[in-house]
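Data block below; observations after.
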Amino acid sequence: MGDKLLEVQNLHVSFKTYAGEIKAVRGISFDVEKGECVGIVGESGCGKSVTSQSIMRLLKVPPAVYKQGKILFEGKDLLALKEKDMRAIRGNQISMIFQDPMTSLNPTQKVGKQIMEVLVEHKKLSKKQAYKQAEQMLNLVAMSEPHKRMEQYPHEFSGGMRQRAMIAIALACHPKLMIADEPTTALDVTVQAQILELLQEVQKKVDMSIMLITHDLGVIAKMCDRVIVMYAGQIVEQGLVQEIFEHPTHPYTRGLLKAVPRMDMSRKNALNSIVGTPPDLFAPPKGCAFYARCEEAMKICEEHMPVIQEVGGTHKSACWLHHPMCPIKNRKEEA
Ligand code: SF4
């Protein structure tokens, strides 16, 4: 077993609204080891971004409520920290990059100043030291003419350059963990590849862990050591990338993989999709959340939540099909 940097234990997060309580994250547990890249994948609304924002404690409380669970970072429960102590960790030991750098960067301030601010606040550097280090950070993220870029505003940058600037800000304090929430979704395909390569290079250089949130399995395959598949606020499958891609065991993961377009597909082949929609998280089903969409569902799936089963190596799946006494004769169509 490696060295655990982050441990999320039985986390439940809800949002209180006038219409009722949305149970956005429902009892998830996972860890991130030092130096590894863990991907969280799932469709919109599955709880992956709520998870990352919970780790950063960025959710507004209320309406958000941390109902249960712990988020241990180097053994310290982030959910129990005072905001003042959390501020010392956020942006310093754990940093985050978002999908749209234009909304994360301050449009009224020069890019250089925005990197310097992080260094002055967390590392207590003088302005002169911070300027020098900010320029080095722009150099680290392969920004051309870093000296000139220091004096420019975000609107003078292309989308790819803005994302590089965000990465420079996120890396400025040498965080132990970087959370990247759909970091390339808003970028052109060629720029996406450059940014992913940059993240990989930088991860090796500065020895940090990455938690990558995405709906794109191609990005997971390229970047990650391990993958966590989320559905309706729960983890349905997790394991090494190779384990999940070569032997997906959960019907939802299999559906996601079948939905990825392949180069060898003929134009006549229709793209596969998972029929139906995720359940209403105001009133999640008491059994398996994927029951209504699952072609392999059994009678038990509707009534009882599947327990997580180890299916080999580090590979785990929350599906009744993998229960050692799986009663195949009890399938839904036969019920
Ligand atoms: Fe399908 Fe049942 Fe497995 Fe859920 S527990 S994914 S319904 S087979």
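The values are calculated or read from the model by the stated rules, or taken from the named source; none is laboratory data. Keep in mind that this is a model prediction, so the values were computed, not measured. As a convention, Cβ positions derive from the backbone with ideal geometry for all residues, glycine included, and neighbour counts pool all protein chains shown. Keep in mind that these areas ignore ligands, DNA and RNA; they rest on the heavy atoms of the full protein, side chains included. Shrake-Rupley method; radii C 1.70, N 1.55, O 1.52, S 1.80 Å.
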Listed by first then second residue, the pairs whose first member lies in segment 131-155 and is closer than 19 Å to Met102 by Cβ, whose partner is surrounded by fewer than 20 Cβ atoms within 10 Å (Cβ to Cβ) and acidic (Asp, Glu), with beta carbons under 8 Å and at least 6 positions apart or on separate chains, are Met150/Glu135
Name the single residue, out of those in segment 294-327 being more than 9 Å from the ligand (Cβ to nearest atom) and of a type in the set (D, E, K, R), that is surrounded by the most Cβ atoms within 10 Å (Cβ to Cβ).
-> Lys316
For segment 71-79, indicate whether the set of residues that are open to solvent by 60 Å² or more (accessible area, probe 1.4 Å), on the phi < 0 side of the Ramachandran plot and either under 20 Å from the mean Cα position of the chain (by Cα) or polar (S, T, N, Q) (or both) is non-empty.
-> no
What are the residues in segment 268-312 that are over 15 Å from Glu237 (Cα atoms) and polar (S, T, N, Q), if any?
-> Asn269, Asn272, Ser273, Thr277
Qualifying residue in segment 171-179 (condition: of a type in the set (A, V, I, L, M), within 30 Å of Asp280 (Cα to Cα) and either out of contact with any Phe, Trp or Tyr (no Cβ under 8 Å at 6 or more places or on another chain) or modelled with pLDDT under 95 (or both)) = yes
Tell me, yes or no, whether segment 153-164 has at least one residue that is within 16 Å of the ligand (Cβ to nearest atom), over 16 Å from the mean Cα position of the chain (by Cα) and among the hydroxyl-bearing types (Ser, Thr, Tyr).
-> no
Note on segment 224-253: residues open to solvent by less than 10 Å² (accessible area, probe 1.4 Å) and in a helix (DSSP H, G or I) are Ile244, Tyr252, Thr253
Pull up segment 148-170, narrow it to residues that are polar (S, T, N, Q) and part of a loop (DSSP other than H, G, I, E, B), then point me to the one that is modelled with the highest pLDDT.
-> Gln152
Determine the pairs where a residue that is under 18 Å from Asn92 (Cβ atoms), located within segment 67-81, has a partner that is of a type in the set (Val, Ile, Thr) and open to solvent by 30 Å² or more (accessible area, probe 1.4 Å) with Cβ atoms under 8 Å apart, the partner being 6 or more residues away or on another chain.
-> none
Give segment 16-42 a look and list any residue that's in contact with a Pro (Cβ under 7 Å, 6 or more places away or on another chain) and surrounded by fewer than 18 Cβ atoms within 10 Å (Cβ to Cβ), or say none.
-> Lys16, Thr17
Looking at this structure, is Met178 within 25 Å of Ser49 (Cα to Cα), out of contact with any Pro (no Cβ under 7 Å at 6 or more places or on another chain) and not charged (D, E, K, R)?
-> yes
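Would you mind listing the helices (runs of 4 or more DSSP H) fully within segment 25-110 where at least 3 residues are farther than 25 Å from Ile195 by Cβ? Break it down into steps so the answer makes sense when it comes.
Numbers: elements: 48-55, 83-89, 101-104.
The helices (runs of 4 or more DSSP H) meeting that bar are 83-89.
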Hey, any hits in segment 121-141 for a residue that's among the small types (Gly, Ala, Ser) and in a strand (DSSP E or B)?
-> no
Only one of (1) at pLDDT 85 or above; (2) in contact with a helix residue (DSSP H, G or I) (Cβ under 8 Å, 6 or more places away or on another chain); (3) within 16 Å of the ligand (Cβ to nearest atom); (4) not hydrophobic (A, V, I, L, M, F, W, C) is not met by Gly276, so which one is it?
-> (1)
Return only the number of the condition from (1) in a loop (DSSP other than H, G, I, E, B); (2) more than 9 Å from the ligand (Cβ to nearest atom); (3) at pLDDT 90 or above that Cys288 does not satisfy.
-> (2)
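For every residue, the table says whether it meets (1) assigned to a helix (DSSP H, G or I); (2) in contact with a Lys or Arg (Cβ under 6 Å, 6 or more places away or on another chain); (3) open to solvent by less than 10 Å² (accessible area, probe 1.4 Å).
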site	(1), (2), (3)
Met178	no, no, yes
Leu187	no, no, no
Thr190	yes, no, no
Ala193	yes, no, no
Gln200	yes, no, no
Gln203	yes, no, no
Ile213	no, yes, yes
Ala221	yes, no, no
Of the residues that make up segment 254-262, is at least one assigned to a strand (DSSP E or B), more than 11 Å from the ligand (Cβ to nearest atom), of a type in the set (D, E, K, R) and open to solvent by 40 Å² or more (accessible area, probe 1.4 Å)?
-> no
Could you check, for segment 93-102, whether at least one of its residues is among the hydrophobic types (A, V, I, L, M, F, W, C) and over 15 Å from the mean Cα position of the chain (by Cα)?
-> yes
